[in-house]
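The values are calculated or read from the model by the stated rules, or taken from the named source; none is laboratory data. These numbers were taken from a predicted model, which means no experiment stands behind them. Cβ sites come from the backbone with ideal geometry, for glycine too, and all protein chains shown count toward neighbours.
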Amino acid sequence: MKKKVVSGLLCAVMAASLVAGCSSKSAPSESGSTAADTTTAKETEAKTETQKEAGGEGGKVINIYVWNDEFKARYEDYYASKLPAGYKVNFVTTPSENNAYQNALDEALLNQNDAKPDDKVDMFLVEADYILKYVNSDYTMDLKDVGVTEQDMSKQYDYTKVIAKDSKGAQKGISWQGCPGLYIYRRSIAKAVLGTDDPAEVQKAINDWDSFDKTAAKMKDKGYYMLSGFDDSYRTFSNNVAAPWVNGKKIAIDPNLEKWVDQTKKYTDSGYNQKTTLWAAEWASGQGPEGKVFGYFMPAWGVDFVLAKNSLAKAEADGGKQEVGNGVYGDWAATIGPESYNWGGTWLCAANGTDNADIVADIMKTICCDDATMKKIVEEKNDFVNNKTVMEALAKGDYKSAFLGGQNPLQMYCDAAEKIDMSKISPYDQGLNESFQNAMHDYFNGTVDKDTALKNFYTSAQEKYPELETQ
Amino acid sequence: MVREKKAKARKKVSYSKWGYIFLIPFFATYLVFSFIPLVTTFYNSMFENYRSGLTQIGPNFVGFENYISIFQSDLLKYLGNTVILWIIGFIPQIFFSLILAVWFADFRMKLRGSTFFKTIIYLPNVIMAASFAMLFFALFSDDGPMNNLLIRMGLIDSPIRYLTTVWGTRGLVGFMNFMMWFGNTTILLMAAILGVDSALFEAAAIDGAKSLQIFTKITMPTIKPIFIYVLITSLIGGLQMFDVPQVLTNGKGTPDRTSMTLIMFLNNHLYSKNYGMAGALSVILFIMTAALSLVVFFILTGSGKEKGGSR
């Protein structure tokens, strides 16, 4: 009997150690376990990079936290050569999905005081969806203290400055780009279905949502899709809401988002879209030579960073070039579409406690304020830069986008940029947008009815933000 | 004098102390890495403790409130999902493992190259679960190789969207778990069968028993303890299923949260670093697993005693 008791205890101990393995996950010390779960090749790459470069000189490593390669490319092309000798810039890349980027960043910022000079966060990037979380915290520096003045930023679009101010009015972030969105469509498909590829004529066919619907039906008859998938028109609705996501502590679904749900359900059931999800492989291949999708709602960064790359028949990794004749590069054009909207945008913030404030300021001034550099970014990368003087001049000049078949879309971007209103954002946008879209995918796929999808959204929202109330 | 001392010392020698000394490393490791986290998990589960943005909320003592809200949430649904996903994987797993184990161990079959096959069937387990799930995600995506193959063969007209259907997703998760674990199970069961006195099999064969009769009347009863052990360890592992569905559905448990397992639910609470809720869920899982372990323990020891008594 005694043996039995002892072995019973041992058995319990074994069971305990099995569960302890998973419960220790919730112990407070570890660093971003959700981040570890979604570790991708990119992240590990960044980690090895960190290890490689960390062994350098004391305090001369500039750590920049990013979620993709967009800013890294801007940095390499327009600043890397100006970096003083002896300094090193280290990009720490964590993809944003499932909040992994913010988890990694938060962990680093909370450890900022104890970190070695070489490991301190010097600069980090944030998106419009969650910028308020950071500018309203003590982890970002007032740009005035870094050395970027209001005078430096005088040519920037107002909304890009307003969004990055904290509740006391201090400027905490700066952006090099503006993200007014347009509808970017395929010229060849426009000719085949509408009989013209002229942006002004195409605009008439999609001037409001009713005519957009009618054109969608025409596309379907000819075997094309108006939109790629579920999330493509989301930003045109979510950026024109009447109130923020959260009212006090209560989550409120704006009527405009309901419109997105109804429209997308209708498009899915009628076969006006290809049922893809944003960033999926199928979504990207719809932009390529085999694509049957008429157009995409995209801001300027989407044209440069997404469409241009996906449109190629021979990818850049295989030695292809971004030039007319490679795939459907050049078969595109831009028009305003049914509604003006803003999608995304990247702001640079100086981390409190940085030991390289002068270099951080210089990077900001060069990429976000310098006329000559910013003009080059537009001409070489088709980005829309956050500089009214440069943009207005280029819009009136002979700037041509090769990707857009020689069109100069800049005036349309400039007009849209002036109309952007970012006052309806909340610190919860990132998580709630993601949960809302994901929950609705089941409804669009026909797996669940709308009420169940809404219920799933609230469940997911409360998991992410326990302090918020639903219904 | 010297001899006397030696004799005295020998009298006092107790080898059992070495046993305890050699056990110290295990207990020290267990204490630091398992026992203390376990106790702090219980402790943490009593607090409201999470992060809202960069602001820490709590820890405030709330008693059993976390447990109440866990039970008010869809806990049972996720438990059901987990068990269903486990069963889908376990039934084919135990079926194929038993067949293979019997064949490999059969003295009359004398399979050639059984070592080779034993290695092959174990291989899927060597691949990391996350990469395995990524592979399946790519294979079964809407525009993936599996759909292309079926369309080329003319079996379907339009792609099957496996991951948007409840049973497509669950089926894939189950299939992956089956692939990963049947080799391991085969080897365990084979060891059990090889441990049986071969005279029993020979005697049965001489008496004219068919293979199925040998299997049901001799193999199964003699390997029952190992079989139950395999069953319960697999169930405990199944309750903690995480990596395959997490990676396959991108952490969302889609569609309609029907492939959301208990540990994925726990992981969701870590979005806001909600240690209180996650701790409460861990404790609930601990109790379930401990109960299952006790069940297997009593079944195993109970059957052993019966045998001893009847002999």
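Check region A:435-448 and report whether any residue there is within 26 Å of A:SER137 (Cβ to Cβ), out of contact with any Ser or Thr (no Cβ under 8 Å at 6 or more places or on another chain) and more than 10 Å from every other protein chain (Cβ to nearest Cβ). Yes, some residue in region A:435-448 is within 26 Å of A:SER137 (Cβ to Cβ), out of contact with any Ser or Thr (no Cβ under 8 Å at 6 or more places or on another chain) and more than 10 Å from every other protein chain (Cβ to nearest Cβ).
Just one of the listed residues (A:LEU110, A:LEU125) is surrounded by fewer than 24 Cβ atoms within 10 Å (Cβ to Cβ) and either within 14 Å of chain B (Cβ to nearest Cβ) or of a type in the set (Lys, Arg) (or both), namely A:LEU110.
Scanning region B:76-88 for any residue that is more than 11 Å from chain A (Cβ to nearest Cβ) and loosely packed, with under 12 Cβ neighbours inside 10 Å turns up at least one such residue. Scanning region A:195-208 for residues that are buried (at least 16 other Cβ atoms within 10 Å of the Cβ) and part of a helix (DSSP H, G or I) yields a total of 4.
For the structure I just gave you, tell me whether B:PRO92 is surrounded by 14 or more Cβ atoms within 10 Å (Cβ to Cβ), without any contact (Cβ under 8 Å) to a residue 24 or more places away in the chain and either within 30 Å of B:PHE117 (Cα to Cα) or touching a Ser or Thr at 6+ places or on another chain (Cβ under 8 Å) (or both). Taking the combined requirement at face value, the residue does not satisfy it.
Scanning region A:123-181 for residues that are farther than 15 Å from A:LYS424 by Cα and β-branched (Val, Ile, Thr) returns A:VAL126, A:VAL135, A:THR140, A:VAL146, A:VAL148, A:THR149, A:ILE174.
For region B:207-311, the helices (runs of 4 or more DSSP H) that sit wholly inside it and include 2 or more residues that are more than 14 Å from every other protein chain (Cβ to nearest Cβ) are B:211-214, B:220-239, B:275-310. Screening region B:107-127 for residues that are touching a residue at least 60 places away in the same chain (Cβ under 8 Å) and not β-branched (Val, Ile, Thr) and picking the one that is surrounded by the fewest Cβ atoms within 10 Å (Cβ to Cβ) gives B:ARG108. Filtering region A:74-104 to residues that are closer than 22 Å to A:ASP362 by Cβ, without any contact (Cβ under 8 Å) to a residue 60 or more places away in the chain, in a helix (DSSP H, G or I) and not polar (S, T, N, Q) leaves A:GLU76, A:ALA80. Checked against (1) over 24 Å from the mean Cα position of the chain (by Cα); (2) under 30 Å from B:ALA203 (Cα atoms), B:ALA101 meets all criteria but (1). When we screen A:GLU380, A:GLU316, A:GLU392 for residues that are of a type in the set (Asp, Glu) and in the same structural domain as A:GLU290 (by TED's automatic domain parsing), the only hit is A:GLU316. Right, B:SER45: closer than 24 Å to A:GLN430 by Cβ and within 12 Å of another protein chain (Cβ to nearest Cβ) or not? Considered against the rule, which asks whether it is closer than 24 Å to A:GLN430 by Cβ and within 12 Å of another protein chain (Cβ to nearest Cβ), B:SER45 comes out as no. Right, A:LYS172: among the basic types (Lys, Arg) and modelled with pLDDT of 90 or more or not? Yes, satisfied. Residue count for region A:369-427 satisfying the condition of being surrounded by 17 or more Cβ atoms within 10 Å (Cβ to Cβ), small (Gly, Ala, Ser) and part of a loop (DSSP other than H, G, I, E, B): 2. Residue under question is A:THR276, and the condition is that it be surrounded by 15 or more Cβ atoms within 10 Å (Cβ to Cβ), in contact with a strand residue (DSSP E or B) (Cβ under 6 Å, 6 or more places away or on another chain) and either of a type in the set (Gly, Ala, Ser) or assigned by TED's automatic domain parsing to the domain that holds A:THR459 (or both); does it hold? Criteria met by A:THR276.
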